[in-house]
1. Given the structure, is Ala120 under 16 Å from Gly241 (Cα atoms) and either open to solvent by less than 10 Å² (accessible area, probe 1.4 Å) or of a type in the set (S, T, N, Q) (or both)?
2. From Tyr208, Tyr238, grab the single residue that is more than 18 Å from Thr15 (Cβ to Cβ), among the aromatic types (Phe, Trp, Tyr) and in a helix (DSSP H, G or I).
3. Has the stretch 27-40 got at least one residue that is β-branched (Val, Ile, Thr) and either at pLDDT below 95 or open to solvent by 20 Å² or more (accessible area, probe 1.4 Å) (or both)?
4. Among the residues of the stretch 241-254, count how many are open to solvent by less than 60 Å² (accessible area, probe 1.4 Å) and assigned to a strand (DSSP E or B).
5. Mind counting the residues in the stretch 101-155 that are small (Gly, Ala, Ser), within 19 Å of the chain's Cα centre (by Cα), at pLDDT below 95 and not in a helix (DSSP H, G or I)?
6. Please enumerate the residues belonging to the stretch 76-93 that are assigned to a helix (DSSP H, G or I), hydrophobic (A, V, I, L, M, F, W, C) and touching a residue at least 24 places away in the same chain (Cβ under 8 Å).
7. Within the stretch 204-254, can you find the residues that are closer than 11 Å to Trp191 by Cα, in contact with a Pro (Cβ under 7 Å, 6 or more places away or on another chain) and among the hydrophobic types (A, V, I, L, M, F, W, C)?
8. Any residue in the stretch 225-248 that's within 15 Å of Phe192 (Cβ to Cβ) and modelled with pLDDT under 95: show its pairings with residues that are open to solvent by less than 30 Å² (accessible area, probe 1.4 Å) and of a type in the set (S, T, N, Q) at Cβ separation under 8 Å, as long as the two are six or more apart or on different chains.
Amino acid sequence: MNELFSVRDKTVMITGGSSGLGLQLVHLFMHRGARVCSIATQHDPRVCENLVASMRFHTPVFVDANLTGDAGVNAAFFGCETAFGPPDVLINNAGLSLRKKFMDVNRDDWNRLADINFKAMYFVAQAAAKRMRDAGKGGSIINMASILANKAMSGSSVYSATKAGVAQMTRSMAHELGPLGIRVNAIAPGWFETRMTAGILSDPAKTYLKGVNPLRRLGQPGDLDGAALLLASEAGRYINGTVVTVDGGQSLSG
């Protein structure tokens, strides 16, 4: 069973790896023996030092890059490939949130979220797929969606639209890349307490969301570990083009 879920010596590239769920995934894959490359706009040197100090297998690599343009995407892959070679797994996690009423959203808001939540994810996935194809080994691309891709919430029109785009992009990519041995799936987290959601998950909203969740709690960072390992490893070798919801059942209620 350990071998089935093994990511030992796989090269795993994680965008948005400097904080929140991305940082938890860096921890997860690093301690499972993967060669981890974390990509973020800016890493905290203290966090990086702590990760390196706690390593058991391969020293992780941290690349600061703005993924909203070709130069940043190229820099990210150059940093990863210089250290470890082309990625076996891409976790496309970088993203932004916005809590703003529909009538108040402006073009700058829209462009800012679309640039990182959707367009950057698209072109990072494209760059990874080209490298996986050229390496001839296949691979796994995991895009980070959200339960708000399918669930309406006031003040989330732009964020929800970008995440709905991620879900459909994932299906289209899976259809095209499957013949190359490249599996593409998405994870749709529910409400997790992170820096990005701090402005939303304050009382009374936090209490309400916990109360209507069938498990009566919000997500904790480690709650994504199982889904991520499944999709990244041989355990998920026949899973392609799906969106795995990890929300404690939140989608069933409020």
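The values are calculated or read from the model by the stated rules, or taken from the named source; none is laboratory data. As the structure is a computational prediction, the values presented were derived from the model and not from experiment. Using ideal geometry, Cβ is built from the backbone for each residue, glycine included, and neighbour counts are taken over all protein chains shown. Surface areas here come from the heavy atoms of the whole protein model, side chains and all, with no ligands, DNA or RNA. Shrake-Rupley method; radii C 1.70, N 1.55, O 1.52, S 1.80 Å.
1. no
2. Details: Tyr238 fails: in a helix (DSSP H, G or I).
Matching residue, one of Tyr208, Tyr238: Tyr208.
3. Within the stretch 27-40, the first condition is being β-branched (Val, Ile, Thr), and the residues that meet it are 36, 39.
In the following step, the residues that additionally are either at pLDDT below 95 or open to solvent by 20 Å² or more (accessible area, probe 1.4 Å) (or both) were identified as none.
No, the conditions are met nowhere in the stretch 27-40.
4. 3
5. 1
6. Across the stretch 76-93, the qualifying residues are Ala76, Phe77, Cys80, Ala83, Phe84.
7. Matches in the stretch 204-254: Val246 only.
8. Asp247/Asn213; Gly248/Asn213
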